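Participant: Let me give you the structure first, and then I'll get to my questions.
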Amino acid sequence: MAEASRWHRGGASKHKLHYRKEVEITTTLQELLLYFIFLINLCILTFGIVNPHMYYLNKVMSSLFLDTSVPGEERINFKSIRSITDFWKFMEGPLLEGLYWDSWYNNQQLYNLKNSSRIYYENILLGVPRVRQLKVRNNTCKVYSSFQSLMSECYGKYTSANEDLSNFGLQINTEWRYSTSNTNSPWHWGFLGVYRNGGYIFTLSKSKSETKNKFIDLQLNSWITRGTRVIFIDFSVYNANVNLFCIIRLVAEFPATGGILTSWQFYSVKLLRYVSYYDYFIASCEITFCIFLFVFTTQEVKKIKEFKSAYFKSIWNWLELLLLLLLKSTEQYSDFYFLACWHIYYNNIIAITIFFAWIKIFKFISFNKTMSQLSSTVSRCIKDIVGFAIMFFIIFFAYAQLGFLVFGSQVDDFSTFQNSIFAQFRIVLGDFNFAGIQQANPILGPIYFITFIFFVFFVLLNMFLAIINDTYSEVKADYSIGRRPDFELGKMIKQSYKNVLEKFRLKKAQKDEDKKTKGSGDLAEQARREGFDENEIQKAEQMKKWKERLEKKYYSTEIQDDYQPVTQEEFRELFLFAVELEKELHYINLKLNQVMRKVSAL
C-alpha cells in the first residue's frame, strides 16, 4: 500500500512538473512579446530625436569657421593658428566675416529686422557671441636659481588653484575684470586641463564695425598676456527650416610651452521638441516608454523581494537594473551651451540604453541551438578568459610604458601613456606608424615593434582563440550527447505549434492509425498462412507493441530534458520485455546451434 502511494506521489509530481513547465512557457512568451514591443517603441523614440540634418548643419558651420582662411594668407585658418598674431588675424578676418551676414550677395538688404545676422542667409544668430579668457597668476611655478637673472616671471599650467582672479589692464570693462559664473554649464575638458566657468568676458556688438574696433582695441592694449591659458568663443544659431539649434564653441588653449592649440565643438540639437505631427507621435512614444519603465520597475522590485540576495546572482538582473538606472534678451549673450550639454548627455544615455536593450535579447536566445551554444561557451570559459586577461594586460601595459618612455617625446601616438595604450590596440588591428617609431629610436624602435607583434599578436591572441575554440568544442560535444539546457524556448514553441497542427489534422492522424492497424492485421494473417502457431503470433504482436511503446518513450529524438520518474506499471512492462527478449535470444541461440551442427555434418 505504501509502495502504491509512493508511485502515486511520483505520478502527481510528474503532473506538477509538466504544469509548471507549461506556466513557464506561457510567462516567457508573454515576457518576450512585451519586451519586443518595448524595444520597438524605444527604437522609434531613439531615432526620432536624431535628425539627418544635424550632420549637414554641423558640416556647414565647421567649414565656415574652421576652414575659411585669412584674406591674403591662405595658410592661416582656425585649425592652423599657432601664435597670438595668427589668433588676432582670425578674429578680425574669418570670424568677423562669418558672424555678420546683413545683406544679400548683390548687396541688397536681406531682412527688415534691425541689426539681424543670418549666417548663410538661413541661420539666425541668437543674441551676440561671447569671448571668455582664463588666466593663471605669476609665480605659479618656480624658476631654477641659475636662470632667475634671465627670467623672473613664471606662469605655470592652468589649474583652479593657479587661476588668476584679479583685475588687469585698463580695469574699466568686463573684459578687464574677473567675473564669476552665473550658469550651471559643465566645466570644459580641453587638451591641457579642465577649465572652470567665469573669467574675463566680453560680448560682441551687433554692429560689424563696432566689433572690429573692439578687437583692435583689445589687441593694442594686450588683452592676451603671458598668463593667458585659454580663450573661448561661444555663440548659437537657429535654423527654422529644419528646427535645429547649432551651439558652437571655438577654443584656443595657450600651453605653458608657448604656441596655441585649437579645438572646437559643434552641437546641433533639437530643443523645440513638439512642432510637427511626427513630433507628437514621438511624444506618444515617450509616454509609452514611461509606462514601460513603471511596469519594468515594478516587476524588478517584486523579483528582489521574492528572491532577495539570489536575485543579484543573475547577470540579466544586473542588466535590467542598469537599464532602469539609465532611463531616468536679444542684446545679451544667449547661453544655449548649458542646454546643449544636457541634451547631448540625454542622447548619450538613450544610446547606451538602447545598446543594452538589444544586448538583453540574448536572454531569449535559447530558442536557437547555435546561439545557445555560443552563450554556453562564453559562460563556461569566463574563468579562463579572466586568467588570460591578467597575463595579457601585464605584458600589454609593460609595452605601453616602454613605448611612452622611449618614443613619447617625439611620436604623437605615444605622447601620453593613454595614447600609448590606444596606439598599441591600433598596432594589433594593423594601423601603425613604424617609420615614426624607427625615426624616434633606430635601435629600440624595431625591437619594440617586432617583439610586441610576436608576443601579443602571434602568441597571446592565439592563446585567447584557443581557449574559446576548446571550450566551444566541449560545449558541442555535450550538446551531441544530449546535455542541453533545461529550458529551451524554441523547442517549446515548436511543440506548441505541433499541438495546434495536430488539432487541425486530427482526422488525418486517425486515418493513418487505421491504416497501421489494418497493416498489422494483414501481417498476422500472412503469418497464419505460413503455418506459424497462434501463441507465437500473439507473442510477436505483444513484443512489437512493447517495442514501439518503449522506443517512443525512451528512444525518441524528442526526449524531454526534464527528469520524469518511472512508474510501477512502466517498470513491470520493462521487466516483461526483458524476459521475453531473453527467451527470444535463447531460441535464436538454439536454432543457430542446430544450423552449425548440420553444417559440421556436411
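The values are calculated or read from the model by the stated rules, or taken from the named source; none is laboratory data. Just so it is clear, the model here is predicted, and its values are computed rather than measured. Positions of Cβ are generated from backbone atoms using ideal geometry, with glycine treated the same way; all protein chains shown enter the neighbour counts. The area values use the complete protein model at the heavy-atom level, side chains included, leaving out ligands, DNA and RNA. Shrake-Rupley method; radii C 1.70, N 1.55, O 1.52, S 1.80 Å.
Participant: Which one is modelled with the lowest pLDDT among residues in the stretch 427-450 that are part of a helix (DSSP H, G or I) and out of contact with any helix residue (DSSP H, G or I) (no Cβ under 8 Å at 6 or more places or on another chain)? Spell out the reasoning first.
Facilitator: Here is the first cut: in the stretch 427-450, the residues part of a helix (DSSP H, G or I) are 427-428, 434-440, 444-450.
If we keep only those that are out of contact with any helix residue (DSSP H, G or I) (no Cβ under 8 Å at 6 or more places or on another chain) as well, we get 435, 447, 450.
Details: Ala435: 88, Ile447: 92, Ile450: 91.
So, considering only residues that are part of a helix (DSSP H, G or I) and out of contact with any helix residue (DSSP H, G or I) (no Cβ under 8 Å at 6 or more places or on another chain), the one modelled with the lowest pLDDT is Ala435.
Participant: Here is a list: Arg75, Arg82. Which entry is of a type in the set (Lys, Arg) and at pLDDT 90 or above? Step through it out loud before you land on a result.
Facilitator: Working: Arg75 fails: at pLDDT 90 or above.
On inspection, the qualifying residue turns out to be Arg82.
Participant: Next question. Which members of the stretch 142-154 meet the condition of being part of a loop (DSSP other than H, G, I, E, B) and open to solvent by 50 Å² or more (accessible area, probe 1.4 Å)? Show your work before the answer.
Facilitator: Taking the stretch 142-154 and keeping what is part of a loop (DSSP other than H, G, I, E, B), we get 142-144, 148-154.
Listed by number, the residues that qualify are Lys142, Tyr144, Gln148, Ser149, Leu150, Met151, Ser152, Glu153.
Participant: State which residue is farthest from the chain's Cα centre (by Cα) when the search covers only the stretch 224-254 and only residues that are of a type in the set (Ser, Thr, Tyr), within 30 Å of Ser166 (Cα to Cα) and part of a strand (DSSP E or B).
Facilitator: First, pick out the residues of the stretch 224-254 that are of a type in the set (Ser, Thr, Tyr): 225, 228, 236, 238.
So of that shortlist, the ones also within 30 Å of Ser166 (Cα to Cα) come out as 225, 228, 236.
Going one step further and asking which of them are part of a strand (DSSP E or B), we end up with 228, 236.
Numbers: Thr228: 40, Ser236: 31 Å.
This residue is Thr228.
Participant: Could I ask something else about it? Output the number of residues of the stretch 443-453 satisfying the condition of being within 17 Å of Ile394 (Cβ to Cβ) and open to solvent by less than 30 Å² (accessible area, probe 1.4 Å).
Facilitator: Narrowing the stretch 443-453 to residues within 17 Å of Ile394 (Cβ to Cβ): 448, 451-452.
Remaining after also requiring open to solvent by less than 30 Å² (accessible area, probe 1.4 Å): 448, 452.
The total comes to 2.
Participant: Return a yes/no flag: does the stretch 361-379 have any residue that is at pLDDT 75 or above, part of a helix (DSSP H, G or I) and charged (D, E, K, R).
Facilitator: No, every residue in the stretch 361-379 fails to be at pLDDT 75 or above, part of a helix (DSSP H, G or I) and charged (D, E, K, R).
Participant: Follow-up. Could you please find all residues in the stretch 454-500 being of a type outside the set (Gly, Ala, Ser), open to solvent by less than 50 Å² (accessible area, probe 1.4 Å) and at pLDDT below 85?
Facilitator: Residues satisfying the conditions are Val475, Asp478, Tyr479, Pro485, Glu488, Leu489, Met492.
Participant: A follow-up question, please. Only one of (1) of a type in the set (Phe, Trp, Tyr); (2) assigned to a helix (DSSP H, G or I); (3) over 27 Å from Phe38 (Cβ atoms) fails for Tyr278. Which number is that?
Facilitator: Single failed check for Tyr278: (3).
Participant: Can I ask one more? May I ask you to list the residues in the stretch 215-249 that are crowded, with 22+ Cβ neighbours inside 10 Å and charged (D, E, K, R)?
Facilitator: Arg229, Asp234
Participant: Need pairs with beta-carbon distance below 6 Å; first residue under 16 Å from Val475 (Cα atoms) and within the stretch 357-375, second at pLDDT 80 or above and outside any helix (DSSP H, G or I); sequence gap 6+ or separate chains.
Facilitator: none
Participant: Just give me the residues in the stretch 176-208 being touching a strand residue (DSSP E or B) at 6+ places or on another chain (Cβ under 7 Å), open to solvent by less than 30 Å² (accessible area, probe 1.4 Å) and in a loop (DSSP other than H, G, I, E, B), in sequence order.
Facilitator: Answer for the stretch 176-208, where residues must be touching a strand residue (DSSP E or B) at 6+ places or on another chain (Cβ under 7 Å), open to solvent by less than 30 Å² (accessible area, probe 1.4 Å) and in a loop (DSSP other than H, G, I, E, B): Gly190, Gly198, Leu204.
Participant: Here's another thing I want to ask about it. Could you tell me which of the residues Phe404, Phe356 is over 30 Å from Ser185 (Cβ atoms) and surrounded by 13 or more Cβ atoms within 10 Å (Cβ to Cβ)? Give the steps one after another, and end with the answer.
Facilitator: Numbers: Phe356 fails: over 30 Å from Ser185 (Cβ atoms).
From the options Phe404, Phe356, the qualifying one is Phe404.
Participant: Considering only residues that are surrounded by fewer than 14 Cβ atoms within 10 Å (Cβ to Cβ) and of a type in the set (Gly, Ala, Ser), look in the stretch 155-175 and name the one that is nearest to Tyr200 (Cα to Cα).
Facilitator: Ser166
Participant: If I ask for residues that are hydrophobic (A, V, I, L, M, F, W, C), farther than 30 Å from Ser415 by Cα and out of contact with any helix residue (DSSP H, G or I) (no Cβ under 8 Å at 6 or more places or on another chain), which ones from the stretch 159-207 would you list? Steps first, please.
Facilitator: Going residue by residue through the stretch 159-207, those that are hydrophobic (A, V, I, L, M, F, W, C) are 161, 165, 168, 170, 172, 176, 187, 189, 191-192, 194, 201-202, 204.
Within this subset, residues satisfying the condition of being farther than 30 Å from Ser415 by Cα are 165, 168, 170, 172, 176, 201-202, 204.
Residues satisfying the conditions are Leu165, Ile172, Trp176.
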